[in-house]
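Enquirer: Below you will find the structure I want to go over with you.
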Amino acid sequence: MVQTQSYTQPTENVSNLDQSLFLKALRREQVARPPIWLMRQAGRYLPEYRNLRSNVKDFIAMCEDPSLACEVTLMPIKRFNLDAAIIFSDILLIGQAMGLDLSFVEDKGPIFSAGAQTKEQIEQLDVDEASDKLSFVSEAIKLTVKELKDTPLIGFCGSPWTVASYMVEQGSSKDFRTIKKMAWCEPQTLLSLLNKLSMVSIRYLTDQVRAGAKALMIFDSWGGVLSDEAFKTFSLDPTQTIIHALKQNPITKNIPIIFFAKGKHSLYSTLANCGADALSIDWTVPLSWVQMQTQDKVALQGNLDPTMLLAPPEYLKAQVEQILTDWGNRPGHIFNLGHGVLPPTDPTQVQRLIDWVHTFSKQG
Ligand code: CP3
């Protein structure tokens, strides 16, 4: 194995991390097996999470307490042989830091107070101090990287469009009518909100890297509800503003960025050139097809349907093997789900999934 000699920080820890399967796969270097981690790997399907959560005021209080956020981040790492951790937090905390009240209501999801519906209200939203108000995330990252040692930690934020959709709709939405109406009737107002979110996200992600995040992921869960043209204006452009700023800053320029544009299949060839190092792919298209669209310009992460973890073990196994066979032994694959682990998932199934990715790769 060829080892690079010129580490900027010659500590054992840094060099081990740099050679981790996850970071190598993101650089599209050849690896013995694809690394695996799972979106929402720290969440309600874990009994230890539910137990801790029942003793804390609410989900936001867990995120805001660095030692609790650290403890939850480590839960799946202690239980399973995963190749990356993701800091326990939420994409919507940025809206709270900009001045809106946020709460998570049992069985209803997130609720934002009014305050991002008119031009005047959007002008009031704070940019300058918002990233400082999120400093508990950096504190949690500092605590977590000390514990993780050789496992890289992923920092993250939501795409401006996805975060704005919750802020403008004041929560989850079926048809995104309020934010879309704003896009068609008052595009400059929406663009000013998206720009504010890009500015805060740049500082927020930079702070996460300063604290020890070794990769970044941008979640665009709802860009797929837009036409290609509208997606470029309202989702991709503000996301690229973030990516380009990070790639120009000496602190963040070598940190790989994963972009998850859920459901935006028609634009994969465009997304391959968006500046991200990897794309996260949902389960509705084969990775080999995405690879043809992206032409080896980016690594690909995915793409098991999270509901497969609810299927009989043999069925799950066949699906895992299908994804690995379809990909073959090309470099640049990170095994993951096409969306987050669902709360009713049995952790034994997650264990099986991880074992099968490991053993299949050895046989192959
Ligand atoms: O383990 C991890 O992946 C890291 C933590 C993480 C959470 N949310 C924790 C969480 C991450 C990366 C997110 C991202 C996130 N949050 C997204 C993008 C990815 C996606 O799922 O599409 C979005 C859209 C959100 C917004 C959000 N957060 C919603 C809509 C909800 C309610 C729905 C639900 O799943 O309960 C949340 C709550 C949330 N975020 C939970 C967790 C563990 C559940 C909180 C609880 O009740 O304990």
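Enquirer: With respect to Y49, determine if the residue is aromatic (F, W, Y), near the ligand (Cβ under 10 Å from one of its atoms) and part of a helix (DSSP H, G or I). Write out each step before concluding.
Expert: On the way: aromatic (F, W, Y): yes; near the ligand (Cβ under 10 Å from one of its atoms): yes; part of a helix (DSSP H, G or I): yes.
In short, yes.
Enquirer: A follow-up question, please. Is it the case that T348 is in contact (Cβ under 8 Å) with a residue 24 or more places away in the chain and either within 16 Å of the ligand (Cβ to nearest atom) or more than 30 Å from T233 (Cβ to Cβ) (or both)?
Expert: Criteria not met by T348.
To keep it simple, each residue is scored yes or no on (1) in a helix (DSSP H, G or I); (2) in contact with a His (Cβ under 9 Å, 6 or more places away or on another chain); (3) among the basic types (K, R); (4) farther than 28 Å from V285 by Cα.
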{"residue": "K174", "(1), (2), (3), (4)": "no, no, yes, no"}
{"residue": "S201", "(1), (2), (3), (4)": "yes, no, no, yes"}
{"residue": "F219", "(1), (2), (3), (4)": "no, no, no, no"}
{"residue": "L236", "(1), (2), (3), (4)": "yes, no, no, no"}
{"residue": "T241", "(1), (2), (3), (4)": "yes, no, no, no"}
{"residue": "K247", "(1), (2), (3), (4)": "yes, no, yes, yes"}
{"residue": "P250", "(1), (2), (3), (4)": "no, no, no, yes"}
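Enquirer: Quick one: would you say I179 is within 16 Å of the ligand (Cβ to nearest atom), in a strand (DSSP E or B) and either aliphatic (A, V, I, L, M) or farther than 23 Å from Q301 by Cα (or both)?
Expert: So I179 does not fit the description; no.
Enquirer: Of all helices (runs of 4 or more DSSP H) completely enclosed by segment 72-160, which ones contain at least 2 residues that are within 16 Å of the ligand (Cβ to nearest atom) and open to solvent by 30 Å² or more (accessible area, probe 1.4 Å)?
Expert: Result: 135-148.
Enquirer: Would you mind finding the one in S172, S227 that is within 13 Å of the ligand (Cβ to nearest atom), open to solvent by 60 Å² or more (accessible area, probe 1.4 Å) and of a type in the set (S, T, Y)? Before you say what the answer is, go through the steps one by one.
Expert: Working: S227 fails: within 13 Å of the ligand (Cβ to nearest atom).
When all the criteria are applied, what remains is S172.
Enquirer: Tally up the residues in segment 52-71 that are more than 13 Å from the ligand (Cβ to nearest atom) and aliphatic (A, V, I, L, M), please.
Expert: 0
Enquirer: A follow-up question, please. Here is a list: K317, K262. Which entry is of a type outside the set (V, I, T) and within 14 Å of the ligand (Cβ to nearest atom)?
Expert: Testing whether each residue is of a type outside the set (V, I, T) and within 14 Å of the ligand (Cβ to nearest atom) leaves just K262.
Enquirer: Name, by its number, the condition in (1) more than 16 Å from R28 (Cβ to Cβ); (2) assigned to a helix (DSSP H, G or I) that does not hold for T284.
Expert: It is condition (2) that T284 fails.
Enquirer: Within segment 30-46, which residues are within 7 Å of the ligand (Cβ to nearest atom), of a type in the set (D, E, K, R) and at negative phi?
Expert: R44
Enquirer: From (1) more than 25 Å from L353 (Cα to Cα); (2) touching a residue at least 12 places away in the same chain (Cβ under 8 Å), pick out the condition that doesn't hold for P250.
Expert: The number of the failed condition is (2).
Enquirer: Of the conditions (1) among the small types (G, A, S); (2) buried (at least 22 other Cβ atoms within 10 Å of the Cβ); (3) modelled with pLDDT under 95, G332 fails just one. Which one is it?
Expert: (3)
The values are calculated or read from the model by the stated rules, or taken from the named source; none is laboratory data. All values reported here derive from a predicted model rather than from experimental measurement. Neighbour counts are summed over all protein chains in view; Cβ atoms, including those assigned to glycine, are modelled from backbone coordinates with ideal geometry. Accessible surface is based on the protein model in full, side chains and every heavy atom, while ligands, DNA and RNA are left aside. Shrake-Rupley method; radii C 1.70, N 1.55, O 1.52, S 1.80 Å.
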